[in-house]
Amino acid sequence: MRSLLLISFCIIQLGCVSVYKNLQDTTGDIHNLQQFKPVITTALYKIDVNVIGKYLSGLLLLKTMPDSSIRVVFSSEMGFKFFDFEFSPGNRFKVNYIIKQMNKKPVIKTLRKDFELILMQSLDPSTVHIRKDSLFIYYVFPQTKGFYYYITNPGGNELVRMERSSKRKPVVEAIMKNYRNGIPDTIGITHKNFNFTIGLKKIER
């Protein structure tokens, strides 16, 4: 019985250890991240979504409006709209439209944070902490709950991945690759706590 309690205690303790605990403070230039922020006028992506075994595909339009807001519109290839979100300067967010089946606060909140992460909408230089390990540089931006991590190689010229995390571990990982004229060709978002992935591949027009 005592052995079982000891094993349980060890498992709990290991589960509480932060994967970021060995990161060390360092200096760096926050402006290194600007090269990875998507420069969007209008970009159209093929989108594939897998949510707990349910599959959706279609088109995702990213468009910067005259007021500098960014519209994110997901529709089927036949034109049926799933949602239309608006991200504005100052970290403002608006739901212009969402289908009834998706119109739930947790769903909207999750999607908002996913797109904030890849659009790099929350990069306040006054709040950033820069850390490192033996392989990467970590640009850490505190949020109301949790953190956004933007992780580069030591030279700062490659965005390795992005993470939305709790205090202890990532809950979402994302990548953006193969930039062309400031826009990534490939974007991937993977949730760690449940089976939810979003894959984007740019359509050249």
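The values are calculated or read from the model by the stated rules, or taken from the named source; none is laboratory data. Fair warning: this is a prediction, and the values are worked out from it, not measured in the lab. Because the Cβ atoms are built from the backbone with ideal geometry, glycine has one as well, and the counts that use them run over all protein chains shown.
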Confirm whether residue 144 is surrounded by fewer than 17 Cβ atoms within 10 Å (Cβ to Cβ) and at pLDDT 95 or above.
no
Within segment 104-117, does at least one residue satisfy the condition of being more than 26 Å from residue 170 (Cα to Cα), out of contact with any Gly (no Cβ under 6 Å at 6 or more places or on another chain) and surrounded by fewer than 16 Cβ atoms within 10 Å (Cβ to Cβ)?
no
Considering segment 91-138 alone, what residues qualify as being over 18 Å from the mean Cα position of the chain (by Cα), assigned to a loop (DSSP other than H, G, I, E, B) and of a type in the set (A, V, I, L, M)?
99, 135
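Please go through segment 36-61 and give me each residue that is in contact (Cβ under 8 Å) with a residue 60 or more places away in the chain and not in a strand (DSSP E or B), ordered by number.
Of segment 36-61, the ones in contact (Cβ under 8 Å) with a residue 60 or more places away in the chain are 36-40, 43-53, 59-60.
Within segment 36-61, 36, 37, 38, 39, 40, 52, 53 qualify.
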Checklist (1) surrounded by fewer than 15 Cβ atoms within 10 Å (Cβ to Cβ); (2) more than 15 Å from residue 35 (Cα to Cα) applied to residue 170, failing item
(1)
Scope segment 42-76; condition at pLDDT below 95 and of a type in the set (D, E, K, R); matching residues
54, 67
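Is at least one residue of segment 173-189 farther than 28 Å from residue 55 by Cα and touching a strand residue (DSSP E or B) at 6+ places or on another chain (Cβ under 9 Å)? Write out each step before concluding.
Of all residues in segment 173-189, those farther than 28 Å from residue 55 by Cα come to 180-182.
Within this subset, residues satisfying the condition of being touching a strand residue (DSSP E or B) at 6+ places or on another chain (Cβ under 9 Å) are 180.
The answer is yes, given that some residue of segment 173-189 is farther than 28 Å from residue 55 by Cα and touching a strand residue (DSSP E or B) at 6+ places or on another chain (Cβ under 9 Å).
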Neighbours by Cβ (under 6 Å, 6+ apart or cross-chain): first from segment 72-87, part of a strand (DSSP E or B); second charged (D, E, K, R)
73/84; 75/81; 86/71; 86/94
